[in-house]
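Right, one structure below, let's go through it.
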Amino acid sequence: YKGKLSAPVEAPILQKFGIIRDTENKVAWSHKGIFFGAPENHPVRSVFDGTLAFSGEIPGFGTTMIVDHGDHYYSVYGHVKEPNVTVGEAVKKNQVLAAAGV
């Protein structure tokens, strides 16, 4: 399903996968996610079927939810609030997991 998953929110992409270069400070790092500019309270949906593996605080990401899709594939949803799913619960593709937070 690589490249065929729907976005978890209907919002503009702020940062894509890949190498981020800071030419001013002469550094680069690998960015392994996509950041969306979703408005607060916008529904955040699972990109694929799976099981909620984690829900809690992660420094820099605020309240975060991680869905285990099996075979070592995970999706991470940061800066969310009001989770609708508990750890261990099965989720379906496009199911609302939480609301976008700040």
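The values are calculated or read from the model by the stated rules, or taken from the named source; none is laboratory data. Being a predicted model, the structure only gives us computed values, none of them experimental. Backbone-built Cβ (ideal geometry, glycine too); neighbour counts: all protein chains shown. Note: accessible area is taken over every heavy atom of the protein model, side chains too, but ligands, DNA and RNA are not part of it. Shrake-Rupley method; radii C 1.70, N 1.55, O 1.52, S 1.80 Å.
Points worth noting:
- Scanning segment 11-34 for residues that are among the charged types (D, E, K, R) and closer than 16 Å to Val76 by Cα gives Lys16, Lys32.
- The requirement of being over 21 Å from Val85 (Cα atoms) and surrounded by 13 or more Cβ atoms within 10 Å (Cβ to Cβ) is satisfied by Ala11.
- Gly56 open to solvent by less than 30 Å² (accessible area, probe 1.4 Å) and free of Cβ contacts under 8 Å to residues at least 12 places away in the same chain: yes
- Listed by first and then second residue, the pairs with beta-carbon distance under 8 Å, at least 6 apart or on different chains, first residue in segment 17-28 and in a strand (DSSP E or B), second exposed (fewer than 10 other Cβ atoms within 10 Å of the Cβ) and among the small types (Gly, Ala, Ser), are Gly18/Ser30; Ile19/Ser30; Ile20/Ser30.
- Residue count for segment 40-53, restricted to those that are in contact with an Asp or Glu (Cβ under 8 Å, 6 or more places away or on another chain) and either of a type outside the set (Gly, Ala, Ser) or in contact (Cβ under 8 Å) with a residue 40 or more places away in the chain (or both): 4
- Within segment 62-102, the set of residues being of a type in the set (Val, Ile, Thr) and open to solvent by 50 Å² or more (accessible area, probe 1.4 Å) comprises Val76, Thr86, Val87, Val102.
- Among the residues of segment 22-52, the ones that are of a type outside the set (A, V, I, L, M) and touching a Leu at 6+ places or on another chain (Cβ under 7 Å) come to 6 in all.
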